[in-house]
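> Below is a structure I'd like to ask you about.
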Amino acid sequence: MIKILLVDDHVLVREALREIIEKSPDMKVIGEADNGRDGLDQAFKKRPDVVIMDISMPNLNGVDATRRLLAENPKIKVLALSMHVDRLLVTEMLKAGAKGYLAKSSNLEEMEIAIRSVSEGNTYLGSSVAGMVVDGFVGRQQSRTSPAYTVLSTREREVLQLLAEGKNTRQVAEHLKISVSTVESHRRTLKSKLKINS
């Protein structure tokens, strides 16, 4: 039985995935989360075989959640599921340790194949993603790099995401369980590293 955790901030997506997955006799959804941080908590408690991880989520994005999850438990397999089929996002998810990447526009059969493949430790790239990754690999497309992922630490990216979501310094401190002065220090570092004034 393949135990699966769904991490996506859209209720309809999670409900549709659950319905699809539970039609397969060898798959079972053991939990759901609507943001990256709760997804990590659920994964550490329930120990799924596969986590289906959205990328764009509140509180902790899918890339950073994947990186943290696999640093703690590398046996868990992550299958990224996103409406964004962007080479940079695909590359960042794979660098974070995801074993697969599917577009949300994929069909049901491809979803099942991807889950089984990833659960066995294989890499699976959806049909809409594979060609783009191969093109990038052989150098046909010019490489792009995201400064936030190459310059900022994991904690700095967390602070940046929470600030971008509109949280103030005190709310960020409470959310991350750190002091206000530590958040202020991160804010100064973010401004310096990203060369911004506010």
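The values are calculated or read from the model by the stated rules, or taken from the named source; none is laboratory data. Predicted model only: the values in this text are computed from it and were never measured. Neighbour counts run over all protein chains shown; Cβ positions are idealised from the backbone, glycine included. Heads up: the accessible areas ignore ligands, DNA and RNA and are worked out on the full protein's heavy atoms, side chains in. Shrake-Rupley method; radii C 1.70, N 1.55, O 1.52, S 1.80 Å.
> Let me spell it out: the conditions are (1) of a type in the set (Gly, Ala, Ser); (2) touching a residue at least 40 places away in the same chain (Cβ under 8 Å); (3) in a helix (DSSP H, G or I), and Ser24 meets all of them except one. Which number is the exception?
(3)
> Then there is this: Looking at (1) under 19 Å from Gly62 (Cβ atoms); (2) open to solvent by less than 80 Å² (accessible area, probe 1.4 Å); (3) at pLDDT 85 or above, which is the one condition that is false for Thr123?
Failed condition: (2).
> A further question on this structure: Considering only segment 70-92, state which residues are surrounded by 24 or more Cβ atoms within 10 Å (Cβ to Cβ) and either assigned to a helix (DSSP H, G or I) or among the acidic types (Asp, Glu) (or both).
Val90
> Please tell me if Leu81 is touching a strand residue (DSSP E or B) at 6+ places or on another chain (Cβ under 9 Å) and modelled with pLDDT under 95.
Yes, satisfied.
> Restricting the search to segment 41-50, which residues are open to solvent by less than 10 Å² (accessible area, probe 1.4 Å) and touching a Ser or Thr at 6+ places or on another chain (Cβ under 8 Å)?
Within segment 41-50, Val50 is the sole residue that qualifies.
> I would also like to ask the following. Given the criteria within 24 Å of Ser24 (Cβ to Cβ) and open to solvent by 40 Å² or more (accessible area, probe 1.4 Å), does Thr66 qualify?
No.
> Here is a further query. Taking into account only those residues within segment 57-114 that are under 21 Å from Glu165 (Cβ atoms) and among the basic types (Lys, Arg), which is farthest from the chain's Cα centre (by Cα)?
Arg68
Residues are listed down the side, and each one gets a yes or a no for (1) at pLDDT below 75; (2) touching an Asp or Glu at 6+ places or on another chain (Cβ under 7 Å); (3) among the acidic types (Asp, Glu); (4) open to solvent by 70 Å² or more (accessible area, probe 1.4 Å):
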site: Lys95; (1), (2), (3), (4): no, no, no, yes
site: Val118; (1), (2), (3), (4): no, no, no, no
site: Ala130; (1), (2), (3), (4): yes, no, no, no
site: Val133; (1), (2), (3), (4): yes, no, no, no
site: Val151; (1), (2), (3), (4): no, no, no, no
site: Arg157; (1), (2), (3), (4): no, yes, no, no
site: Asn168; (1), (2), (3), (4): no, no, no, yes
site: His186; (1), (2), (3), (4): no, yes, no, no
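> What is the residue count in segment 48-78 for residues that are within 20 Å of Ser117 (Cβ to Cβ) and in contact with a strand residue (DSSP E or B) (Cβ under 8 Å, 6 or more places away or on another chain)?
Total meeting the criteria: 15.
> Separate question: Within the set of pairs 6 or more residues apart or between chains, which connect a residue that is more than 19 Å from Val29 (Cβ to Cβ) inside segment 93-114 to a residue that is open to solvent by 20 Å² or more (accessible area, probe 1.4 Å) and among the aromatic types (Phe, Trp, Tyr) with Cβ atoms less than 8 Å apart?
Tyr101/Tyr124
> Within segment 1-40, count every residue that is open to solvent by 30 Å² or more (accessible area, probe 1.4 Å) and among the aliphatic types (A, V, I, L, M).
7
> Sticking with this structure for a sec: What are the pairs with Cβ atoms under 7 angstrom where one residue, in segment 59-86, is at positive phi and the other, located anywhere, is part of a loop (DSSP other than H, G, I, E, B) and among the polar types (S, T, N, Q)? Sequence gap at least six, or different chains.
Taking only residues 6 or more apart or on different chains, the pairs are Asn59/Asn35.
> If the Cβ limit is 7 Å and pairs must be 6+ apart or interchain, which residue in segment 184-198 that is without any contact (Cβ under 8 Å) to a residue 60 or more places away in the chain pairs with which residue that is in a loop (DSSP other than H, G, I, E, B)?
Sorted first by the residue in segment 184-198, then by its partner, the pairs are Lys191/Asn197; Lys193/Leu152.
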